[in-house]
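The values are calculated or read from the model by the stated rules, or taken from the named source; none is laboratory data. In this text the structure is predicted, and so the values were computed from the model without any measurement. Ideal geometry is used to build each Cβ from the backbone, glycine not excepted, and the neighbour counts take in all protein chains shown. To get the accessible areas, we keep the full protein, side chains included, count just its heavy atoms, and leave off ligands, DNA and RNA. Shrake-Rupley method; radii C 1.70, N 1.55, O 1.52, S 1.80 Å.
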Amino acid sequence: LHSTLFPLSAMAPLPAPTAASAFLFHAPPRGHHHHHKPKPASSSRPTTTLCSAAPSSTPSLADQLEPLSRMLLTDKPTPAADRAQRPTPEPTWVNPSRPRPTVLSLRRQRRRPAANHPSSAPLQPLLRDLRALPEDADLAPTLHAFFPLPGSPPTSSDALLLLNYLHPSWRKTLSLLSYLRALPADAGFAVDTILFNVALKSLRAARRWDEAERLALDMLDSGVPLDNITYSTLITAARRCRQFAKAVEWFERMYSPASGVLPDEVTYSAVLDVYAQLRMKEEVLALFDRARGSGWKPDHVAFAVLAKMFGEAGDYDGIQFVFKEMREVGIKPNIFVYNALLEALGKTGKPGLARNLFEEMAAEGVEPNARTLTAVAKIYGRARWGRDALQLWDQMRERKIPADSILCNTLLSMCADVGLVAEAEQLFEEMKNPDLTDVPQPDKWSYTAMINIYGSIKDADRALQLFVEMLQSGIEANIMSYTIVIQCLGKANRIRDAVEVLEAGLERGLKPDDRLCGCLLSVVALSTGEETELVLGCLEKFNGNLVKLIRMLGDNQVGTDELKDQLKAVLNAAETEVRRPYCNCLIDICQNHGLPARRPRELFRFAQGYGLYSKLHIRKDDEWLLDLRSLSVGAAKTAFDDWMAALSERVTQGQPLPQSFNVFTGSSTHKFAQGLASAFAAHLEEAAVPFRPSESQVGSFVSSRVELVPWLQTSSSSSRVVAG
């Protein structure tokens with residue numbers, strides 16, 4: 001792999017695989033275990049699994065130990081738990097027989113540039129001198145020379161024109177304001193609120209929050225009154241600088257009776273966005289109700305903020321509330337509101353409603369932009385709507401809608417989700433020939449999307465060829481590209497090629513992350529013999545604890561407590577989203593490499609105690625369901641065997657069971673469920689468990705109590721069903 005990047009043709013033949021698992025997994029030296037002090041229990045509790053005891057008045061052992069199990073893994077910093085959900089309010093009704101209280105509504109009109117204003121003609125020499133000064137220069141000498149005292153002080157109009165002219169330079173703006181404030185009292189010049197507001201807007205444009213707040217506090221100390229524009233500028237400046245707590249603080253100060261001012265439409269929209277950014281849903285709805293009751297008519301910005309907030313929270317009822325309020329107010333969505341609503345419906349899992357909204361948008365004559373099409377492409381990709389995706393593709397080509405890099409990369413990812421390989425290749429070729437089309441050139445995300453497409457169809461040769469082409473074209477591959485290529489090569493049993501890619505990446509400065517470590521774990525599960533040692537040797541360079549855990553799994557002398565401590569250390573060091581995949585791959589390694597038979601169940605029980613498998617079991621009155629879609633093949637088998645053991649124990653104890661049982665493996669379209677249905681069907685046939693494929697749902701296996709209970713009674717002593 002080092003001639004261009006990877007000399008695949010010059011590789012030595014693979015040695016014969018070694019069958020002895022003891023050679024693959026050497027025991028680590030004793031006495032070197034990591035102990036982590038557990039954190040206090042989290043306020044959120046994992047869902048009780050089906051393996052728990054039957055519901056009764058006395059809490060089960062699993063319920064009693066549940067708070068303790070949550071202490072075993074440390075959590076990454078996460079937002080505070082949401083408060084009690086407040087019901088979404090109905091549209092605000094205002095009595096038409098009584099006049100509405102007026103809300104200050106500013107007429108914000110475009111002003112001509114200060115340098116081109118007719119009154120600025122006498123100031124042109126001064127403006128040229130100020131423009132020539134350095135950015136951090138003191139303007140006082142130049143201003144004193146132009147406005148000699150005491151005879152010719154600047155007028156309020158002159159000061160306002162100069163401040164507007166210096167608006168792009170916040171340092172010169174503050175220097176001019178300091179000069180004006182330092183003028184003697186006998187000069188007859190007073191610095192009023194308007195001049196401070198202009199200076200604050202300059203600081204807002206430059207995103208200088210500390211200086212803006214300092215100037216506002218100086219106004220208060222100097223007795224200069226703060227008007228509506230002052231508060232609005234401060235709040236929007238804090239929002240723009242992502243100082244959301246400060247924005248709320250100044251809004252509360254503005255809304256106090258002592259301020260004597262009312263928010264305008266710009267302030268309301270800005271504060272709604274601030275509350276939404278802080279995930280303060282209750283405050284957003286309360287402020288919206290309060291503002292509507294005071295006569296405020298929400299604008300498009302406010303509705304876009306509400307749609308975005310409800311979309312981030314996955315609150316479909318909240319999105320319906322936005323539609324109702326818009327009809328109540330009589331505002332038709334513009335392109336920004338449509339984009340926010342489409343993105344929100346996509347995040348709430350409502351692709352059908354998103355498609356209807358997109359069609360309504362076209363019927364209303366609103367022209368979609370690149371962001372609109374990006375949102376729709378993501379929705380169709382997640383829903384795996386191949387026909388709708390093709391229609392969107394044809395519409396874009398017919399209407400010659402310009403596409404940016406984000407849209408093109410999203411379309412490529414959508415093609416990967418719905419299996420449109422030919423269409424993706426066509427778009428990618430157009431991106432590589434920008435002279436013939438108006439699409440942007442491919443970047444690292446474009447190449448990664450194409451590599452992902454070839455990886456999804458298990459075409460390792462084309463994926464590796466495109467990866468090498470990307471590097472040769474001068475585009476540096478990201479961590480995702482390396483992960484996809486290595487995973488694709490691993491699934492193709494080209495373990496040495498995968499190791500070559502990884503080593504080449506390390507030489508180029510690649511910094512492996514937790515997802516790449518999880519990918520290498522899956523490669524270890526697929527490897528055999530000395531190839532396993534090659535992968536473990538690479539993995540040990542940047543995650544020694546994970547390799548140590550794998551070797552401990554192969555040592556029959558390692559006890560349960562030692563193994564649990566090492567697993568906890570590995571999981572605590574990993575990101576939250578990769579902890580379950582880690583456990584899946586570790587269970588696969590145990591099963592594929594013939595490690596001690598108890599290890600898969602031990603790992604599954606540990607992970608279940610940590611809350612990583614807390615949503616596998618769903619109980620209904622007449623049906624119990626086991627959802628295996630997020631598990632690997634080995635983990636799914638282990639979870640099913642553990643479930644059968646729990647059911648066998650219930651039968652032995654005479655506890656009630658539902659009428660039917662359902663195991664759902666998915667339809668092999670989920671990225672974690674590829675091939676799971678067929679592998680699980682083979683496991684059921686081997687164990688002779690009376691589950692059969694469902695006739696109404698693909699990837700579902702069903703059984704009845706009449707069929708399952710006799711099998712549980714006769715198989716309770718079988719080695720395949722181990723008592724819990």
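The stretch between Ala182 and Glu425, if pulled fully straight at 0.36 nm per residue, gains 80.7 nm over its current Cα-Cα span. Annotation: lysines with alpha-carbon distance below 16 angstrom to Lys297 (same-chain offsets under eight excluded): Lys324, Lys332. The simple spin-label model puts a point 7 Å past each Cα toward its Cβ; for Leu390 and Glu507 those points are separated by 4.5 nm. Computed about the Cα centre, the dipole magnitude for the stretch 291-404 is approximately 180 debye when only Lys and Arg (+1) and Asp and Glu (-1) carry charge, each at its Cβ.
Using a probe of 1.4 angstrom and keeping all protein chains present, the accessible surface of the stretch 512-610 works out to 32 square angstrom per residue.
The share of accessible area on the stretch 617-722 that comes from carbon and sulfur is 50 percent, using a 1.4 angstrom probe. From a point 7 Å beyond the Cα of Asn592 in the direction of its Cβ, which residues of the stretch 569-584 have a backbone N at a distance under 20 Å? Inside the label zone: 578-584.
Residues of the stretch 587-606 with an amide N closer than 20 Å to a point placed 7 Å from the Cα of Gln655 along the Cα-to-Cβ direction: 602, 604-606.
Give me the distance in nm between label points sitting 7 Å out from Cα along the Cα-to-Cβ direction at Glu135 and Glu540, one decimal. So the label points at Glu135 and Glu540 sit 5.3 nm apart. When the accessible area of the stretch 112-249 is split by element with a 1.4 Å probe, what percent falls to carbon and sulfur? Ligands and nucleic acids excluded, carbon and sulfur give 52 percent.
Phi angles across the stretch 200-213 convert, under the Karplus curve 6.51 cos²θ - 1.76 cosθ + 1.60 with θ = phi - 60°, into 3J(HN,Hα) values of 5, 5, 5, 5, 5, 5, 8, 6, 10, 6, 4, 5, 5, 5 Hz, Gly and Pro given as x.
Projecting label points 7 angstrom from Cα along Cα→Cβ for Ile194 and Ala682 puts them 8.2 nm apart.
Note on Ser694/Glu283: beta-carbon distance plugged into 1/(1 + (r/R0)^6) with R0 of 51 Å gives a FRET efficiency of 0.65. A simple packing score, the average count of other Cβ atoms within 10 Å per residue, orders the peptides 134-143, 241-250 as 241-250, 134-143, with the highest score first. Here the calculated FRET efficiency for Phe323 and Arg253, from their Cβ-Cβ distance with R0 = 41 Å, stands at 0.75, rounded to the nearest 0.05.
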